[in-house]
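First up is the structure itself, then whatever we jot down about it.
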Amino acid sequence: MAVLEVMKAGNPVLKEKSLPVSKIDKNLRRLLDDMADTMYKYEGVGLAAPQVGQLIRVVVIDIGKGKKELINPVITAREGSLTDTEGCLSVPEIYGEVERAEKVTVEYYSRWNKLHTLKADGLLARCIQHEVDHLDGRLFIDIAHSLHKGEKQ
Ligand code: CO
């Protein structure tokens, strides 16, 4: 168990494109555990590996319905669009209105190298898109319609 340092906006690592994971092994599973510890410690609903300085395509998410670990996630379908408020552990105390697809289908590998397909809507769909953006070096503040300081509304 370890809480990792979260990189903040302005750190160039957050602008890089992450590489696919080539080997799912014990080290990757340890990173997934540490990323989850970090996400829970800072009360985020998702965390992407570049936020802890690892430029690989790995994401953890928990919107309050249990932890999901996505390795090499690919969004294969998007439907509808919805604007809502987002924040990010890498952008403390800033929130913004971001337009996202309302529903997505994502394919990813589990920590046991099993391919999964997940259809998501609501907060989970938003979170998946936010985290996959991190893997492509994109932050929500880069695409938000408006930003404001303070508490999440
Ligand atoms: Co984020």
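Among the residues of segment 131-149, those that are in contact with a strand residue (DSSP E or B) (Cβ under 7 Å, 6 or more places away or on another chain) and either free of Cβ contacts under 8 Å to residues at least 12 places away in the same chain or open to solvent by less than 30 Å² (accessible area, probe 1.4 Å) (or both) comprise Glu131, Val132, His134, Leu135, Leu139, Phe140, Ala144. Of all residues in segment 1-30, those being touching a residue at least 60 places away in the same chain (Cβ under 8 Å), under 16 Å from His134 (Cβ atoms) and not in a loop (DSSP other than H, G, I, E, B) number 2. Which members of segment 55-88 meet the condition of being of a type in the set (Lys, Arg) and within 16 Å of the ligand (Cβ to nearest atom)? Once the filter is applied, which keeps residues that are of a type in the set (Lys, Arg) and within 16 Å of the ligand (Cβ to nearest atom), segment 55-88 yields Arg57, Lys68.
The lone criterion from (1) over 20 Å from Val104 (Cα atoms); (2) touching a strand residue (DSSP E or B) at 6+ places or on another chain (Cβ under 9 Å); (3) open to solvent by 20 Å² or more (accessible area, probe 1.4 Å); (4) within 13 Å of the ligand (Cβ to nearest atom) left unmet by Met7 is number (2). When Gly96, Gly87, Gly64 are screened for being open to solvent by 50 Å² or more (accessible area, probe 1.4 Å), modelled with pLDDT of 95 or more and of a type in the set (Gly, Ala, Ser), only Gly64 passes.
Can you give me the number of residues within segment 47-71 that are on the phi > 0 side of the Ramachandran plot and in contact with a helix residue (DSSP H, G or I) (Cβ under 9 Å, 6 or more places away or on another chain)?
Total satisfying the criteria: 2.
Across segment 10-43, which residue is least open to solvent (accessible area, probe 1.4 Å) among those that are more than 21 Å from Ile63 (Cα to Cα) and of a type in the set (Asp, Glu)? Only one residue fits best here, namely Asp25. Filtering segment 117-130 to residues that are surrounded by 14 or more Cβ atoms within 10 Å (Cβ to Cβ), away from the ligand (no atom under 16 Å from the Cβ) and not charged (D, E, K, R) leaves Leu118, Ala120.
The values are calculated or read from the model by the stated rules, or taken from the named source; none is laboratory data. This structure is a prediction, so every number in the text was calculated from the model and none was measured. When we count neighbours, we look across all protein chains shown, and the Cβ atoms used for this are built from the backbone with ideal geometry, even at glycine. These area figures cover heavy atoms from the full protein model, side chains too; ligands, DNA and RNA do not enter into them. Shrake-Rupley method; radii C 1.70, N 1.55, O 1.52, S 1.80 Å.
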